[in-house]
Amino acid sequence: ALTGILFVGVGIGFNAKSLFGNDPVALLYDGVRNACSLPVSQLGTISNIVNICLIILLFFIGRHYINIGTVVYILPLGTFVNLGTFLFPKIFVTNTVLSRGIGTFFGCLFIYVGVSIFISVDIGLDPFTGLVMAISDHLPWGFGITKIGFDFILIVIGYLLGGKVGVITFITALLAGPSIQFITKLLKRLLQNIKLL
């Protein structure tokens, strides 16, 4: 679970520093940060505050998705986001479109893999995924489609709060749900095979 959180946090930090826009979840964090007139260095703190608020909401609409992992998720996330924002300029030292694009690719990949790891270990969901799962329980389609709709709602809210929208915002809104669903299936199959050994 901690490995998954590390991937997610670093991925969010990478995307925030790439200047190509934030993924929908990080866009909400960035919008709240902007609305509170805080610097980018406070993105990790804001992410923790938003996640605590979401856990409270999830308690009322889908409390069966809350477990020890949900609480574990928010404790180190802010630190890992700050780690990602710190590492990005150290790894991608040239400020070119290609370098930032590669950084963004890894940022998105880290987020998808991190969320998938967190879902696969089955000790509770992160607040955003738990909320999407709770909503999808009441809809006729699966997690992937629900996640796309949820992400577009986050984009609107984040943008209205002043978050940075870019090409990555819309690419991740379309790809995150199906990608996480696909990677999670692979990881669960891998974990089952390991258990059989």
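Figure legend. Inter-residue proximity from the stretch 163-177: first residues without any contact (Cβ under 8 Å) to a residue 24 or more places away in the chain, second residues among the charged types (D, E, K, R) and part of a loop (DSSP other than H, G, I, E, B), beta-carbon distance below 8 Å, spacing 6+ or different chains. No pairs are indicated. Consider residue 15 carefully, then state whether it is over 16 Å from residue 108 (Cα atoms) and of a type outside the set (Ser, Thr, Tyr). Judged against the criteria, residue 15 is not a match. Here is a check on your reading of the model: is residue 153 under 23 Å from residue 59 (Cα atoms) and either over 15 Å from the mean Cα position of the chain (by Cα) or aromatic (Phe, Trp, Tyr) (or both)? Spelling it out, it is not the case that residue 153 is under 23 Å from residue 59 (Cα atoms) and either over 15 Å from the mean Cα position of the chain (by Cα) or aromatic (Phe, Trp, Tyr) (or both). One residue stands out among those in the stretch 126-145 that are modelled with pLDDT under 85 and surrounded by 20 or more Cβ atoms within 10 Å (Cβ to Cβ): the one that is farthest from residue 61 (Cα to Cα), which is 143. Applying the set (1) surrounded by fewer than 14 Cβ atoms within 10 Å (Cβ to Cβ); (2) part of a helix (DSSP H, G or I); (3) not β-branched (Val, Ile, Thr) to residue 99 leaves exactly one unmet item: (1). Evaluation of residue 39 against the conditions (1) over 29 Å from residue 191 (Cβ atoms); (2) surrounded by 15 or more Cβ atoms within 10 Å (Cβ to Cβ) shows that the sole unmet condition is (2). Set side by side, the residues 163, 107 differ, and just one is modelled with pLDDT of 85 or more, buried (at least 20 other Cβ atoms within 10 Å of the Cβ), over 14 Å from the mean Cα position of the chain (by Cα) and within 28 Å of residue 33 (Cα to Cα), which is 163. Could you list all residues from the stretch 21-47 that are under 24 Å from residue 177 (Cβ atoms) and assigned to a helix (DSSP H, G or I)? 24, 25, 26, 27, 28, 29, 30, 31, 32, 43, 46, 47 - these are the residues of the stretch 21-47 that are under 24 Å from residue 177 (Cβ atoms) and assigned to a helix (DSSP H, G or I). The set of residues in the stretch 110-128 that are under 11 Å from the mean Cα position of the chain (by Cα) and either among the acidic types (Asp, Glu) or closer than 24 Å to residue 18 by Cα (or both) comprises 110, 111, 112, 113, 114, 115, 116, 126, 128. Scanning the stretch 76-93 for residues that are modelled with pLDDT of 85 or more and surrounded by fewer than 20 Cβ atoms within 10 Å (Cβ to Cβ) yields 76, 79, 83, 86, 87, 89, 90, 91. Take the stretch 64-93 and flag every residue that is free of Cβ contacts under 8 Å to residues at least 40 places away in the same chain and out of contact with any helix residue (DSSP H, G or I) (no Cβ under 9 Å at 6 or more places or on another chain). 90 - this is the single residue of the stretch 64-93 that is free of Cβ contacts under 8 Å to residues at least 40 places away in the same chain and out of contact with any helix residue (DSSP H, G or I) (no Cβ under 9 Å at 6 or more places or on another chain).
Taking into account only those residues within the stretch 115-137 that are assigned to a helix (DSSP H, G or I) and among the small types (Gly, Ala, Ser), which is nearest to residue 175 (Cα to Cα)? Here the answer is 116.
The values are calculated or read from the model by the stated rules, or taken from the named source; none is laboratory data. Everything quoted here is computed from the prediction, not taken from an experiment. Because the Cβ atoms are built from the backbone with ideal geometry, glycine has one as well, and the counts that use them run over all protein chains shown.
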